Amino acid sequence: MRKLFGTDGVRGTANIHPMTADMALRIGAAVGRYFRREAGGVHRVVIGKDTRLSGYMFENALTAGLTSTGMNVLLLGPVPTPAVGLMTRSMRADLGVMISASHNPAKDNGIKFFGPDGFKLSDQAELEIEALIEAGVEPAQAQHIGHAKRIDDARFRYGERVKSSLPRGIRLDGLKVVLDCANGAAHRTAPEVLWELGAEVVPLGVSPNGHNINLGCGSTQPQTAAEAVVAHGADVGICLDGDADRVIMIDESGTVADGDQLMALLAGRWAKAGTLTGNALVATVMSNLGLERHLAGQGLHLERTAVGDRYVVERMRAGGFNLGGEQSGHIVMSDHATTGDGLMAGLHMLAAMVETGRPASELLSQFDPVPQLLKNVRFTLGQTPLEATPVQAAIRTAEATLEGKGRLLIRKSGTEPLIRVMAECEDEALLTATVAEVAAAVQSATS
């Protein structure tokens, strides 16, 4: 069992274990040793970050740990997570590191790793790195200590790559777009890219101060952007999260559409164009049953995985699929990117509007979702509420109640101390009651 790594790297509150400067130094040394091929060779790692104040602390600590094992560090500064995957591969680096807690509040931070192929690490690799962290590593000899330098054009390289994923010659002239960057990693790149493509941009969340990332804005709080779409008479809204690897879309009426609707749109378009490999979309167990039914109606298949975009990517790579994602807005286009890319997915939505001439409200209403309800129950670290007998009994009862009518999903979050209780059912009264009963049992187990 991994002790430090969760669904997406190491994450927690800054200056509280495991997200301390000391631990970051140890993690840097361990992962540096893990990816160092030979003493004295050229070893390279790229490090990106979002706009959290604690990013400076972790950037320095990781750099110290990595250089102590002979890795040369290239500092990208604030860039989206997908830019790190891109730059790791394009700069022939041995390792990529992103310092971000994604959609979490500013007090949190995290560390994500990418292998030399630009893809996130496997569970097995993380287990081996944890063993090195626990055992400690021997530092490099003095003559083999690495150096660090800043790369000034990382966000420009990334922006060009994102634009190149669109059909040749596509322009966004005449589109008014509300763009919410969550005061995060894409606060400069995303508005520049849309402007360069010809869109009229109404920017939100583009003034980070180290403390306001995801605060009242971004993909997890799209209400402000939805209001701005209506107020400005915009054609569409794009809401990114703190590290810009996920996106939530808003149509011209201010209605919010989740990742399932966007994936349904892209899958259908790609299938008609003959570019959807395997006639399948890869998504997690959280995606709505309505999406699965919609795809089946088009002769397409939904491949489900555990929650986490890296599990989606692993299944895509194993099965040769090129489109996947999560209901939360991670959209993975493996022909162009190695991980979820919110800006890229948003641009492909805009391209669909241009090519079809249809409004966002039509394109983002691909299917009628089955009523779905999610409740989060917070617990204290060290507690194991899902192992409590009353909780297990409540889950069994709920599963029996929903059998043949819907489905129940209970899981521990891999990024926060939360138990997520989710169910789907056509009978909304039954749905509400069932989720409430299970959530109450979990809550009692944490008291």
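The values are calculated or read from the model by the stated rules, or taken from the named source; none is laboratory data. Worth saying up front: this structure is predicted, and the values here are computed from it rather than measured. Cβ coordinates were reconstructed from backbone atoms using ideal geometry, including for glycine residues, and neighbour counts include every protein chain displayed. Keep in mind that these areas ignore ligands, DNA and RNA; they rest on the heavy atoms of the full protein, side chains included. Shrake-Rupley method; radii C 1.70, N 1.55, O 1.52, S 1.80 Å.
Numerical summary
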read-out	value
Other-chain or far-sequence residues with amide H under 5 Å of Ala182's (modelled H)	Gly218, Leu240
In range of the label at Glu355: residues from segment 313-330 whose backbone nitrogen is under 11 Å from the point 7 Å along Cα→Cβ	none
Derived scalar couplings ³J(HN,Hα) [segment 107-122; Karplus, 6.51 cos²θ - 1.76 cosθ + 1.60; whole Hz; x for Gly, Pro]	5, 8, 8, x, 9, 10, 10, 10, x, x, 7, x, 9, 5, 6, 7
Mean separation of Cα contacts under 8 Å, 6 or more apart, over the residue count of segment 88-178: relative contact order %	17
Gain upon complete extension [Arg171, Glu128; 0.36 nm per residue less C-alpha separation]	10.8 nm
Modelled FRET efficiency - R0 45 Å, Arg317 with Glu227, Cβ distances, 0.05 increments	0.70
Projected area averaged over orientations for segment 171-313, convex hull of C-alpha atoms, nm²	9.4
Carbon/sulfur fraction of accessible area - segment 1-133, other protein chains in place, 1.4 Å, %	56
Selection from Asn376, Gly205, Ala14, by position along the positive dipole direction of the chain (Cβ)	Ala14
Sorted peptide list for 324-333, 135-144, criterion being average Cβ within 10 angstrom, highest first	324-333, 135-144
Lys pairs under 17 Å by Cα in the chain, provided they are eight or more residues apart or on distinct chains	8
Paramagnetic reach from Ala142 (point 7 Å along Cα→Cβ, amide N under 19 Å) across segment 69-107	69-71
Spin-label proximity, Thr380 to segment 1-28 - amide N less than 20 Å from point 7 Å beyond Cα toward beta carbon	12-14, 16-19
Residue-by-residue Karplus 3J(HN,Hα) for segment 358-368, coefficients 6.51, -1.76, 1.60, Hz, glycine and proline x	9, x, 4, 4, 6, 5, 9, 10, 6, 7, 8
Protection proxy ranking, peptides 296-304, 16-24, 284-292, average beta carbon neighbours within 10 Å, highest first	284-292, 16-24, 296-304
By average C-beta atoms within 10 angstrom, highest first, the peptides 117-123, 200-206, 425-431	200-206, 117-123, 425-431
Other-chain or far-sequence residues with amide H under 5 Å of Ala148's (modelled H)	Val73
Relative contact order, percent, segment 1-83 [alpha-carbon distance under 8 Å, six or more residues apart]	34
Convex hull of Cα atoms in segment 333-430, direction-averaged projection (nm²)	9.8
5 angstrom amide H check on Met333, placed H, neighbours 5+ away	Asp341
Length added when fully stretched, Leu409-Asp153, from 0.36 nm per residue minus Cα-Cα	87.8 nm
Theoretical ellipticity at 222 nm over the chain - DSSP helices of four or more residues, -39500 (n - 2.57) apiece, nearest 500	-11500 deg cm²/dmol
Length added when fully stretched, Trp195-Ser90, from 0.36 nm per residue minus Cα-Cα	35.3 nm
